[in-house]
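What follows is one structure encoded as structure tokens, with my remarks underneath.
Values quoted throughout were computed directly from the atomic coordinates according to the rules given, and no laboratory measurement underlies them. Everything numeric in this text was worked out from a predicted model, so none of it was measured. No Cβ is skipped: glycine too gets one built from the backbone with ideal geometry, and neighbour counts run over all protein chains shown.
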């Protein structure tokens with residue numbers, strides 16, 4: 001929402017690292033490391049007001065890869081405000097929960 005205190009806000013000059021989307025296999029390997037350390041849930045998080053349909057396509061592929069390669073792990077997503085149908089697509093891909101903060 002452009003909160004003045006947030007380092008991710010539009011126009012922020014904060015010296016934070018910026019990332020691009022991880023490929024599904026990269027995210028799955030990172031999830032596997034967490035699961036090996038005892039994690040039961042993996043959360044996929046992105047900054048911004050909400051995802052585009054293309055973003056949701058990327059995330060659904062990532063959810064599918066994580067679920068396929070990490071038996072029993074729960075996957076949640078936190079991507080901002082969703083448009084019509086996007087939550088259904090995430091759920092169909094295997095998302096167990098959605099968090100919006």
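Once the C-beta distance of residue 100 and residue 19 is scaled by a Förster radius of 25 Å, the resulting FRET efficiency is 0.80 to the nearest 0.05. Relative contact order, whole percent, for the chain stands at 28, derived from Cα pairs under 8 Å and 6 or more residues apart.
For the stretch 49-81, the residues whose backbone nitrogen is under 16 Å from a point 7 Å from the Cα of residue 87, taken along Cα to Cβ, are 50-51, 76-81. Between the Cα long axis of helix 53-69 and the first principal axis of the chain there is an angle of about 30°, rounded to the nearest 10.
Directionally averaged projected area (the chain, Cα convex hull): 6.9 nm². GNM on the chain, C-alpha springs below 10 Å: top fluctuator among 22, 90, 44? With Cα springs under 10 Å in the chain, the top fluctuation among 22, 90, 44 is at 22. Per residue of the chain, the DSSP helices (runs of n ≥ 4 H) give a summed -39500 (n - 2.57) that works out to -12000 deg cm²/dmol at 222 nm. The GNM of the chain, with springs linking C-alpha atoms under 10 angstrom apart, assigns the highest mean-square fluctuation among 80, 11, 34 to 11. Taking the chain as the reference, fit the longest principal axis to its C-alpha atoms, fit the long axis of helix 24-36 to the helix C-alpha atoms, and give the angle between the two in degrees, 0 to 90, nearest 10. In the chain, helix 24-36 runs at an angle near 70 degrees to the longest axis. When the chain is treated as a Gaussian network with alpha carbon springs shorter than 10 Å, the biggest mean-square fluctuation among 83, 12, 28 belongs to 12.
Okay, which of the stretch 58-101 sit inside 16 Å, backbone N to the point 7 Å along the Cα-Cβ direction of residue 32? Flagged as within label range: 62-73.
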